[in-house]
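First the structure, in the form of structure tokens, and then the observations on it.
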């Protein structure tokens, strides 16, 4: 595998389910990101991790819970979601944030999530 | 604040037609500007970028010029191909403040090219 991979590619879940999205990068990066891509809306940055430490949480509801066990893996744990959470969830990675600045981000293909 | 506005799609063209996708931005300071492309079933890929005023980014026949006076970064291609069908995103990267380095994206423009 090369680049940034995400699994599953498609997920359908009920509002009471618990599921997790997985992202893995094979680029030797140390910063990882979760974005939400909804129809007709700009990409929304959700979380940022730099060297496994969460550095940004952009007012994301607690029903989304990220986890970064190491620099290569990033998870997004989902529970009690709402139908409006249906979207494409994109993971990205980059070289570490340095002096406050971000390096070029490389994106995965995304997980298409549908909440019934 | 920082924001990006790009023309709404969808844009439908015949092969070899000229393409323009408009993008304007609002930013404090001197952001870097980007165009990303998302092919069906794939993630976003960086298409081109420009880091200062009057810079021209180019790649795969696409071009965009950073125009500070009009706060624009329009994407152009002289002759599109069917394989260019994708969603195109304009983005800026903030250069200062608490949002230093963060990417701000437009809503995306769907391009469909017919043979």
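The values are calculated or read from the model by the stated rules, or taken from the named source; none is laboratory data. Quick caveat, the model's predicted, so the values are computed rather than measured. No Cβ is skipped: glycine too gets one built from the backbone with ideal geometry, and neighbour counts run over all protein chains shown.
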| Of the residues that make up region A:58-68, is at least one in contact with a strand residue (DSSP E or B) (Cβ under 7 Å, 6 or more places away or on another chain) and within 12 Å of chain B (Cβ to nearest Cβ)? | yes
All-but-one check, residue B:48 against (1) in a strand (DSSP E or B); (2) touching a residue at least 60 places away in the same chain (Cβ under 8 Å), failing number (2)
When (1) farther than 10 Å from residue A:32 by Cα; (2) under 10 Å from the mean Cα position of the chain (by Cα) are applied to residue A:60, the one that fails is (2)
If we ask which residues in region A:1-42 are under 17 Å from residue A:70 (Cα atoms), in a loop (DSSP other than H, G, I, E, B) and either within 10 Å of chain B (Cβ to nearest Cβ) or in contact with a strand residue (DSSP E or B) (Cβ under 8 Å, 6 or more places away or on another chain) (or both), their number turns out to be 5
If we take region B:67-115, then strands (runs of 3 or more DSSP E) inside it with 3 or more residues that are within 11 Å of another protein chain (Cβ to nearest Cβ) and either under 13 Å from the mean Cα position of the chain (by Cα) or at pLDDT 95 or above (or both) are B:86-93, B:103-105
Scanning region A:47-56 for residues that are within 12 Å of another protein chain (Cβ to nearest Cβ) and buried (at least 21 other Cβ atoms within 10 Å of the Cβ) gives A:48
